[in-house]
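J.: Have a look at the structure that comes next, please.
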Amino acid sequence: MLAIDLHDVTKTYRGRVQALRGVSLAVNEGEIFGLLGPNGAGKSTLVKIIMTVVRPTTIRGTVLGEPVGTQRVLERIGYLPEHHRFPQYLTGRQVVDFFGALCKVPRDARRRRVEELLDLVGMRDWGDRRVTTYSKGMQQRIGIAAALVNDPRLVVLDEPTDGVDPVGRREIRDMLLRIRGEGRTVLVNSHLLSEVEMVANRVAIINQGRTLAQGTIEELTRDSHRYEIDAVGGPERLHTVAGPVAGAESGDQPGLRTYSIPTREPTDVQPAIDSLRAMGAVVVRVERARETLEDLFVRSVVDERGRAMPGAARAAAPEPPIAAAPPAAAPARRPPTEFNP
Amino acid sequence: MTQTLAIFLDAYRDLNSRKLFWLAVAISGLVVVIVGLLGIDEAGVSVAGFRFDSKFVNTLFFPASTFYKLIFQSLGINIWLTWLAAILALISTASVVPELIASGSIDMMLSKPISRGRLFLTRWVTGLFFAGIQTLVFVTASFLVIGIRGGTWEPGLFIAVPVVIIFFSYLYCFCALMGVLTRSTVASLLLTLVFWLVLFGVQKAEQFLNLGRIASQMEVAAIEKAIATRLEKNADADVERLEGELAQERIAAGKWASGYWPAYAIVTLLPKTNETTEWLERQLVENASFRRPPKEDDELRFFGSSRVKKKDFEEAIYEDAESRKGALWAIGTSLAFEAVMLGGCVWLFRRRDF
């Protein structure tokens, strides 16, 4: 069953700014779903529409089997917005309790739940301190606890690791996996592609208000499977079963070229290796490769004119050279030391 | 109910964390304590044990209870509750709406299963908490002072609590609308103070025109009465002069009336802060034995009349206010204005994307 099943979601703000131009989204129950896209792609608008913070211009579909925005649906959703602001006069415990009450959680159940959640997010010892004394990571944890206080079936997290250090990010990642383990659906809107790649079952890439791609990472990168051969002394162009392939000079070593053969089958690579050997070239590495989520993201957000969107480079941080690479670029290079024919 | 209680509890915690709230409550208490330190007897007044003999302020001139009621009326209501404390309350609560709709805060609230209209109105009502608690503290303390020091217990005094809250709500609804429109605490506070000043000016203009209108009407009536008296005495020469004066006064009365009624119509549409305070004072006269207007026999000078007695004029003003400016007009039409303001707030709040 689908936790989120939306079609043709459009949003035109005043001033005729089109934030969404017909987004569709299908999120299965019990999965972690990553929502990706460059700045200004419309991700946050889509999340806010699901959470009724923004009113859609048009929308079809359901969330948790009900029309979007009904109170019955909101009772079963937990939400952590980006750049959230908790009342400064509240302690962490009071924040979680307050939002639980707003979700109509009865008092006794709320008390129990608050304690469980403070334990879950590792904030029990800090629960009675005001949120103003918290670090960014602690505020995120309290935010996640507040998002879970109503025992939601769907948890929507907007940039949950924003401003959190690597240790905190890992802890939040583990938390997401635990939440999924409890049978909840998690929708994560994040710029940190590597974070999403590590936990998401499926992703959608949104750009300029449209859904560009949607599915598992395996499905989305299926066509990018290839074998890479590094060889010293090989020709400029190598004839393979997939056709002629240009050898890219890496510059790491004189005469070292990399040939990328678009195939999933190892048998297809053997003639190319034989051919290189026959030409006297030294094969130093043969490796099966496919696009990373980051490669897929960068390729997907390139517009029709073949130029990357300005936001794409920022979204793909912290590895700017990859974002600046041409479409369908190879993954980050590893040193050519492996030989694994 | 769980949600409403949570919002009220949150408002209490918010107020509790604001130093200004406690400062205002402390000042309210202090004002009443100072009044309580005042004593009055046959010889004069005393302040914290220090005596000041007076021929005019003593219990022979008016009883102790009247002395304390006068202070409550002139200082407590007219200065403290409806000016200074109201300004403190506005300063403390002007941020409620802008903070509610601030980015990051509003997302958390709107994503909960509570309708936007209910969320906004509940949060707005919690803003009235400030004025309510402060007024309750002040009136309760005043009740005790008048009872203990003045020797008379006047539960009718407590009518001041809801009326002052209503008075504050006139300003607070406008403040909320400005908060929704500008999203700025400072802007909404300043605009509300300007609005209050405009209201004050418009109401004072209406009251001034009303004084002129009533004085002129009374002058016309007095001249007509004088003419009738002269006719009875067959003093024809005076009658001719008086008829000339009557014709002039009727023209003046017409001008006063033509200026007054448009002003009255405008005031009717707006919230009536002054009139509400005056209505409260009239209620205190009826329900808590407060002082009626002075019964002096001076002739009225202000409007140039030598025929209308000041006592009669003030009685006429009081009667006019009682007959035309009752609760329905003073408070009812103000609440109608408030309903329009709040309706506008809710309409904007429900339609807006955050």
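The values are calculated or read from the model by the stated rules, or taken from the named source; none is laboratory data. Note that this is a predicted model, so its numbers are computed, not measured. Here the Cβ is made from the backbone with ideal geometry for all residues, glycine too, and neighbour counts use every protein chain on show. All accessible areas refer to the heavy atoms of the entire protein, side chains included, with ligands and DNA or RNA removed. Shrake-Rupley method; radii C 1.70, N 1.55, O 1.52, S 1.80 Å.
J.: Check off (1) open to solvent by 60 Å² or more (accessible area, probe 1.4 Å); (2) modelled with pLDDT of 80 or more for A:R307 and give me the number that stays unchecked.
T.: Exception for A:R307: condition (2).
J.: If I go through segment B:335-345 residue by residue, how many of them are closer than 10 Å to B:T268 by Cβ and surrounded by 17 or more Cβ atoms within 10 Å (Cβ to Cβ)?
T.: From segment B:335-345, those closer than 10 Å to B:T268 by Cβ are B:336-337; that's our starting set.
Pick out the ones that are also surrounded by 17 or more Cβ atoms within 10 Å (Cβ to Cβ) and you get B:337.
Qualifying residue count, segment B:335-345: 1.
J.: Quick check: anything in segment A:208-218 assigned to a strand (DSSP E or B) and farther than 30 Å from A:D8 by Cβ? Reasoning before the result, please.
T.: Residues of segment A:208-218 assigned to a strand (DSSP E or B): A:210-216.
Among the residues that remain, those that are also farther than 30 Å from A:D8 by Cβ are: none.
No, that holds for no residue.
J.: Which of the residues that make up segment B:302-334 are closer than 30 Å to B:L100 by Cβ and surrounded by fewer than 14 Cβ atoms within 10 Å (Cβ to Cβ)?
T.: The first filter runs over segment B:302-334 and keeps only residues closer than 30 Å to B:L100 by Cβ, leaving B:331-334.
Across segment B:302-334, the qualifying residue is only B:G332.
J.: Are any residues in segment A:81-128 within 11 Å of chain B (Cβ to nearest Cβ) and among the charged types (D, E, K, R), and if so, which ones?
T.: The answer is A:E82, A:R85, A:D97, A:K104, A:R107, A:R110.
Residues are listed down the side, and each one gets a yes or a no for (1) touching a residue at least 24 places away in the same chain (Cβ under 8 Å); (2) under 24 Å from B:D312 (Cβ atoms):
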| residue | (1), (2) |
| --- | --- |
| B:C175 | yes, no |
| B:V180 | yes, no |
| B:T192 | yes, no |
| B:V198 | no, no |
| B:I214 | yes, yes |
| B:A222 | yes, yes |
| B:D236 | no, no |
| B:E240 | no, no |
| B:E245 | no, yes |
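Condition check ((1) within 15 Å of the chain's Cα centre (by Cα); (2) at pLDDT below 90) across all residues:
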| position | (1), (2) |
| --- | --- |
| A:G183 | no, no |
| A:E218 | yes, yes |
| A:D230 | no, no |
| A:G251 | no, yes |
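J.: Also, quick follow-up: Wholly within segment B:97-211, which helices (runs of 4 or more DSSP H) include no fewer than the required count, namely at least 1 residues that are crowded, with 19+ Cβ neighbours inside 10 Å and away from chain A (no Cβ under 14 Å)?
T.: Values: elements: B:106-110, B:116-148, B:160-182.
Hits in segment B:97-211: B:116-148, B:160-182.
J.: For segment B:28-57, which residues satisfy the criterion of being within 24 Å of the chain's Cα centre (by Cα) and surrounded by fewer than 16 Cβ atoms within 10 Å (Cβ to Cβ)?
T.: Those that are within 24 Å of the chain's Cα centre (by Cα) and surrounded by fewer than 16 Cβ atoms within 10 Å (Cβ to Cβ): B:G29, B:L30, B:V33, B:I34.
J.: Looking at this structure, is B:K19 within 13 Å of chain A (Cβ to nearest Cβ), open to solvent by 50 Å² or more (accessible area, probe 1.4 Å) and of a type in the set (K, R)? Please lay out each step first, then the result.
T.: Values: within 13 Å of chain A (Cβ to nearest Cβ): yes; open to solvent by 50 Å² or more (accessible area, probe 1.4 Å): yes; of a type in the set (K, R): yes.
The answer is yes for B:K19.
J.: Let me ask another. Checking the condition within 23 Å of the chain's Cα centre (by Cα) and farther than 21 Å from B:F143 by Cα, which residue from B:F21, B:F67 passes?
T.: Working: B:F67 fails: farther than 21 Å from B:F143 by Cα.
Criteria check complete, one pass: B:F21.
J.: Whether any residue in segment A:282-292 is outside any strand (DSSP E or B), open to solvent by less than 40 Å² (accessible area, probe 1.4 Å) and under 30 Å from A:R210 (Cβ atoms) is what I want to check. Step through it out loud before you land on a result.
T.: Let us first name the residues in segment A:282-292 that are outside any strand (DSSP E or B), namely A:290-292.
Then drop every residue that is not open to solvent by less than 40 Å² (accessible area, probe 1.4 Å), which leaves A:291.
After this cut, where a residue has to be under 30 Å from A:R210 (Cβ atoms) as well, the list is A:291.
Yes: one or more hits.
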